Structures are given as C-alpha cells and as structure tokens.
Amino acid sequence: MINVAVLGYGVVGSGVVEIIKKNGMSISEKAGQKICVKKILDIRDFPDSPDRDLITKNPEDIFEDPSIEIIVETIGGAGVAYKFTKDALSKGKHVVTSNKELVATHGPELLKLAKENNVNYLFEASVGGGIPIIRPLNRCLAANEIYRITGILNGTTNYILSQMKREGKDFDEALKEAQAKGYAEADPTADIEGHDACRKIAILSSIAYNEFVDCNNIYTEGISKISLEDMKYAESMNSTVKLIALSEKVGDKIAARVSPAIVKNSNPLYNVENVFNAIIVKGDAIGDVMFYGRGAGKLPTASAVVADVIEIVKHWGTSGGYDWQVKNQDNIIDINDTETKFFVRLKVKDEYSAKEVVGKVFGDVEWVKMCGDGLKDELAFVTGKTSEKKHKRLFETIGEHDSVIQIINTIRVLGD
Ligand code: HSE
C-alpha cells in the first residue's frame, strides 16, 4: 500500500481525497497497489468534513512519517508551498501538485532537487485543469520540434468573457459566478490580469522547447479593459474576444504573450466557452493538434492530480520526469519586436477628418461597424500587421490629433 498526504484541503485538495475514495478500487488496480490518503494538512478546522479524522495542523505528522511516500501539494502560491515542497523532496518523498505559480517560478530548482533525491515532481494539473497536456507534450509529441502553442488557459476569464458575450452579463457579476463555482484563484487578480495564464504558457513552453521559460519575461495583459461594446464589435467581425496565451519558436528565441485577442469564428478557439480551456500545439511532424476540456474546478483538476499519483505508483522505484535547463535567461523576444494586427476604437470629434487621419497614419485599414445602430462619435478599424513598437508610435500619433478625443481600446487580432 502507498500512503499519500494532501497539503491544503481547499477546492482541489478535497477533490483529490474525494476521487481517491470514490474510485479507490479502479485506481488501485491501475496503479498496481492500493493508494490511501493517510493525512491531510490544513490550518483551518473542518468539523463537518467526512475527512476530519485525517486532518492535522502539524506538518511533522506528515514530514516525519516515513510511511507517507507521496505528497500532494494543493496549497497554491509560492510561499509555504515552496518550503513544504523542498522539505518533501529533500526527504525523498514524491510530490504532485496543481500549483502553477510554484512550478512556473521555482520549477528548475524543484525538478533538480527531485532528481537529486531520486523522486518525482509532477504537475499535470498545473495547466489546463483536467486536460492531459503536460505528459502528452513531453512524451507523445516528443518526436516533434514544437513551433507554436496557442491556448485559452484560464477558466475564470473564459467564463467571464463567455457570460458577457452570451448573456450580456457585466464583468463583476460573471466574476462572482466563477468564484462561486470554484474556478477563480484565491485572489482573482491573477486570473483577470492574465498572470495565471502567463504562468501556464511559461510551463507549457518550458516543456515544449525543453528549456526554462521564465514567466516574468512574458508580456501579460488581462481582460479588465474588455467591455460589452468590444464584444459587440467582435461579433460584427464574426469573431469574439478571448484571453489568448501564445508562444512561438523564432530561431533560438521564443515570442510569447498573454493578452485579450479578437478570435475569428474559423479558429477552433472561437467555440471554447465558459470554464473550458483549449490548447493548439503545432509540431513539425504532427502539424496542429488540439487539447480541450475543463480547465478549472474541483474534480477536473483533482483528476489530473490523482493521475500523477497513479503514474508514480505504477512506475514505483523510478524517478525522472522533466529536465528544465536554464539555457538562456534572455530567451524571450521583446514584445516590441513582435508583429501583430490591432483592432482599434477611437472616440472622435468629427468622423470625416478622423477617417482621413487614420488613413494617413495607418495606411490601409479595415473599417468595422458595430451590429445594430453603432455608437455615436466612434470609429473602429483593424490595422495591418506590423511591429508592436511601430503600433505604439502610431497610437501616440493618432491620439494627439485634434479630430480624435480618445483611443477607447486596442485589442490584438489573433493571426491564423
Ligand atoms: N483560476 C484558474 C483558472 C484555476 O481559472 O483557470 C485553474 O488553474
């Protein structure tokens, strides 16, 4: 029998305990040994929980118990979870986690520590919730040179944007619903401002390109400036707005970003709604391959955590896993040197002269009219593809012109 301890009895941790109890028989059959949750660590009291007898507030009950050989870390964050993970690996205990912040920020160090102690540090649940993506990327697609990863990697923001589009709900109401459903981070700023998706694209890129990609170097913009009007404009272009995380290999460097983007209805990501996540991976041998499923929530995420536990038990006595070398600290291309198209909304004084100026500044643009009556004193258009550096200059120039009152919003357009 293999004893497991769960650190953090929150949404995901309690889901892990629930799945191991509910599917215990088949899990043990697949793993080849019985898997049992021996202890749960949490500083809170859970008097009504069916698992209350397993819950301890004392870490020593777990770390000093040699019969506990696998630790599931579902605390989150890079504070106490970092310390506990290092303690566990140093003591020769395997660690499985859903903690993307910790993996994205301390991955190389923790993987090295796991290797030195002949144990595993696995994190399938850190990206895409229940979607199998890390192991398929590392194993099933290992024969490919991966060129590009494009994804919807945050369930909370995808839920908010879907509710805004489908139900006309406002941002705050949709966020409250996502929180109630257990999708959002403890502090949802990480979701809304794109940091969660940024950590996830950094993890996927590190796996795909076989070198550490530091999330701190990835340009990140969230969805807090996206309005119902932006959604309506997108609709009139047969498109929608999604929070898109992408990374692309360019020579020996990587172009990566997280930002809202206009996504055409011909792109499979257009139809990814609510809490669902999707990841399109482009490899030289396979072409495009897409992964789709529930990207957040108690049982989907716990499903991926428990799969990692089974993986360890099934291959008991072996260690290994991912090898993220820090090959080049400077492996991300500056966002200013990457190219994109922008959708632009302007508040104008006089449509005629503003249109003339837009033509002079941006050259050929694609004018966009909102479905229905449209908005008064507004112009909207899609620019051609050029560098972000040049776009910045053009936005400054247009913003200073007399006929333009304000640049209301600029949203990147996802390329094909
Ligand atoms: N807050 C995250 C999300 C949870 O909404 O996607 C899953 O990582």
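Bear in mind that the values in this text are calculations on the coordinates, not laboratory data. None of the values given here were measured: they were computed from a predicted structure. Neighbour counts run over all protein chains shown; Cβ positions are idealised from the backbone, glycine included.
Residues of segment 378-400 include at least one that is in a loop (DSSP other than H, G, I, E, B), of a type outside the set (Phe, Trp, Tyr) and buried (at least 19 other Cβ atoms within 10 Å of the Cβ). A search for C-beta distances below 9 Å between a residue of segment 49-63 that is within 14 Å of Ala88 (Cα to Cα) and any residue that is small (Gly, Ala, Ser), counting only pairs 6+ apart in sequence or on different chains, returns Asp61/Ala5; Ile62/Ala5; Ile62/Ala88; Phe63/Ala5; Phe63/Ala88.
Could you list, in sequence order, all residues of segment 286-315 that are polar (S, T, N, Q) and more than 10 Å from the ligand (Cβ to nearest atom)? Before the answer, list the steps.
Step one: filter segment 286-315 for residues polar (S, T, N, Q), giving 301, 303.
Result: Ser303, single match.
The set of residues in segment 179-189 being within 23 Å of Met231 (Cβ to Cβ), surrounded by fewer than 24 Cβ atoms within 10 Å (Cβ to Cβ) and either touching a residue at least 40 places away in the same chain (Cβ under 8 Å) or more than 9 Å from the ligand (Cβ to nearest atom) (or both) consists of Gln179, Ala180, Lys181, Thr189. The set of residues from segment 208-240 being under 16 Å from the mean Cα position of the chain (by Cα) and away from the ligand (no atom under 16 Å from the Cβ) comprises Ala208, Val213, Asp214, Asn216, Asn217, Ile218, Tyr219, Glu221. Determine whether segment 197-204 contains at least one residue that is within 16 Å of the ligand (Cβ to nearest atom), closer than 30 Å to Lys369 by Cα and either buried (at least 22 other Cβ atoms within 10 Å of the Cβ) or among the β-branched types (Val, Ile, Thr) (or both). Scanning segment 197-204, I find no residue that is within 16 Å of the ligand (Cβ to nearest atom), closer than 30 Å to Lys369 by Cα and either buried (at least 22 other Cβ atoms within 10 Å of the Cβ) or among the β-branched types (Val, Ile, Thr) (or both), so the answer is no.
Looking at Val326, Val344, Val358, which is the one that is part of a strand (DSSP E or B) and either in contact with a strand residue (DSSP E or B) (Cβ under 6 Å, 6 or more places away or on another chain) or not charged (D, E, K, R) (or both)? Unique residue meeting the criteria: Val344.
Please verify whether Asn158 is under 24 Å from Met237 (Cα atoms) and either within 16 Å of the ligand (Cβ to nearest atom) or in contact with a strand residue (DSSP E or B) (Cβ under 9 Å, 6 or more places away or on another chain) (or both), treating the condition exactly as stated. Answer is yes for this residue. Restricting Ala208, Ala202, Ala174 to those that are touching a Phe, Trp or Tyr at 6+ places or on another chain (Cβ under 8 Å) and in a helix (DSSP H, G or I) reduces the list to Ala174. Collect the residues in segment 11-41 that are among the hydroxyl-bearing types (Ser, Thr, Tyr) and closer than 13 Å to Val305 by Cα, keeping them in residue-number order. Hit for segment 11-41 is Ser14, nothing else. A count restricted to segment 159-217 and to residues that are of a type in the set (A, V, I, L, M) and touching an Asp or Glu at 6+ places or on another chain (Cβ under 6 Å) stands at 2. Of all residues in segment 64-91, those that are buried (at least 19 other Cβ atoms within 10 Å of the Cβ) and either within 19 Å of Ile43 (Cα to Cα) or free of Cβ contacts under 8 Å to residues at least 40 places away in the same chain (or both) total 12.
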